[in-house]
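**Q** Below you'll find the structure I mean.
Every number here is computed from the coordinates shown, using simple stated rules; none is lab data. Being a predicted model, the structure only gives us computed values, none of them experimental. Here the Cβ positions follow ideal geometry from the backbone for every residue, glycine too, while neighbour counts run over all protein chains shown.
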Amino acid sequence: MCPPARHGDLFADTLRDGDTVVLIDGVYHQAPALRHKEILAAMGRGVRVIGAASIGALRAAELAPFGMLGVGAVYAAYARGEITGDDEVAVGQVPDGDWHALTWPLVNLRHALELAVQEAVLDKPSAERLLGALRAIYYPQRTLAAVRATCTREGADDFIRWLSQQRAEHPHFGDIKRADALLALRTAHADARPGLQLSVAVWESAYFRRWSNAFASTCVDGLELSTEDRVIYQQVFDLDFPRTWTAYLEHRSRHPAEGTGRPLAERLAEVTGDGLTADRVFHPVTDLRDAQTVKLLLAGETAQDRQTVARFRAALDARRTQAGFSTEAVRDDLTHRLLLGIWQCPDHRFNAEASARGLVSGAHAVSAAKRLVPGLLEEADEVHGDNVESSMAVQRTETTHGEH
């Protein structure tokens with residue numbers, strides 16, 4: 001059984017064209033939720049996506065015009081506009097990887113109230129009043145104890161006794177999300193039609209490219225490495241990377257995604273007459289899922305480089321286990337000083353050096369290189385005994401885990 005879906009899951013190399021994905025649950029509070037364009041991109045290459053029960057029902061209602069198939073009562077309610085809030089399907093969970101729900105989703109309580117009205121346990125006005133009271137409870141606090149207390153306060157003790165009796169006899173009584181999830185699985189097995197082929201223009205954007213680059217990875221030398229980590233490492237540490245970047249710009253100029261290929265110098269002459277170099281004029285968005293792009297950008301990479309990239313990633317991941325740490329919280333001034341030292345350039349040349357390395361500007365270089373700082377400081381600590389803790393400042397925040 002797969003855990004709740006999250007941002008990036010549909011970029012997995014194990015997902016093949018022609019496969020079927022059944023999207024049911026997904027995280028959204030403690031980690032970025034699965035985004036619409038990730039689903040559109042998967043469908044665009046022939047992956048069939050079925051949604052139900054929870055975030056699957058939400059996304060299916062939103063993406064049905066593009067070919068995502070929605071299944072079940074929760075999806076139908078969203079599609080008809082009978083329910084609209086994300087909290088209808090949200091539940092709270094413990095943050096240790098145990099994906100069992102600790103709270104009741106509103107759609108299940110809504111369904112239980114409808115059944116209670118059918119059984120004459122509640123009249124319709126009482127059920128509507130009780131639903132409003134239950135909706136007012138923040139979703140991670142909608143525990144069984146909170147439901148009981150609310151029912152007692154609203155004079156609905158008969159309902160909670162009836163519900164407890166029904167659940168004692170049938171543990172999944174009223175669980176409309178579970179029923180919809182099982183229906184979605186049966187639908188996937190019974191109907192193996194391929195997904196729709198969509199135009200690339202539907203999902204292609206700067207944001208999507210950023211996401212696809214972030215999740216691109218390759219197994220090299222027995223190491224599963226982020227392609228983006230490998231490229232940024234070369235941009236920072238390879239002394240010859242400005243020449244590599246120029247070669248990449250030449251390749252892009254001669255082999256554009258659209259139009260006729262031309263020499264880089266010819267394009268440059270058309271747009272500037274003041275002697276600017278190509279890296280100061282052209283800033284193409286790289287596609288790290290393109291094999292030729294990766295080959296060009298990693299032309300100077302060595303096996304030792306890959307070992308260092310793996311070590312730096314381990315140092316970053318160790319930092320991320322600390323509550324509240326984020327890569328963005330690494331100090332800008334510290335990263336700036338480290339880059340100046342690595343590049344051996346004066347501060348007034350910082351922007352030019354960053355641009356020559358394909359990092360656009362000094363500010364962009366600092367942002368990109370922050371992922372390397374924990375590894376750099378760890379090495380400094382080992383070699384010089386520097387105090388890593390005093391060299392970094394991070395923001396610490398409380399985290400709450402949720403899923404829908």
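**Q** Of Leu239, Leu376, Trp162, which is farthest along the charge dipole of the chain in the positive direction, counting Lys and Arg as +1 and Asp and Glu as -1 at C-beta?
**A** In the chain, that residue is Trp162.
**Q** Follow-up question, since we're still on this one. Given the C-alpha atoms of the stretch 77-186, compute the convex hull and give its volume per residue in Å³. Please report the intermediate quantities before stating the final value.
**A** Details: hull volume 13.9 nm³, N = 110.
Per-residue hull volume (Cα only) is 127 Å³.
**Q** Another one. About the Cα centre of the stretch 1-213, how large is the charge dipole given +1 on each Lys and Arg Cβ and -1 on each Asp and Glu Cβ? Please answer in debye to the nearest 20.
**A** Working: 23 positive and 25 negative charges, 76 e Å.
The calculated dipole for the stretch 1-213 is roughly 360 debye.
**Q** Next question. How large, in Å, is the chain by the Kirkwood hydrodynamic radius built from its alpha-carbon pairs? Don't jump to the answer; show the numbers that get you there.
**A** Numbers: mean 1/r = 0.0403 Å⁻¹.
The Cα-based Kirkwood calculation yields 24.8 Å.
**Q** Please report Glu88, Glu82, Glu114 as a ranked list, fewest other C-beta atoms within 10 angstrom at the top and most at the bottom. Don't skip to the end; give the middle numbers.
**A** Working: Glu88 24, Glu82 11, Glu114 16.
Starting with the residue having the fewest Cβ neighbours, the order is Glu82, Glu114, Glu88.
**Q** Of Glu62, Glu382, how do they rank once you tally other Cβ atoms within 10 Å and put the fewest first? List each step's numbers first, then the result.
**A** On the way: Glu62 16, Glu382 10.
Taking fewest neighbouring Cβ atoms as first place, the list is Glu382, Glu62.
**Q** While we're looking at this one, here's another question. In debye, nearest 20: dipole of the chain around its Cα centre with unit charges on the Cβ of K, R (+) and D, E (-)?
**A** Working: 44 positive and 55 negative charges, 139 e Å.
That gives a dipole near 660 debye.
**Q** Which residue, Ala57, Gln93, Leu298, has the largest displacement toward the positive end of the dipole of the chain when charges sit on each Cβ (Lys, Arg +1; Asp, Glu -1)?
**A** Ala57
**Q** Tally Lys and Arg at +1 and Asp and Glu at -1 over the other residues with C-beta under 14 Å from the C-beta of Asp347: what net charge comes out? Let's see the in-between values first.
**A** Details: positive: Arg337, Arg349; negative: Asp332, Asp333, Glu353.
Result for the local shell: -1.
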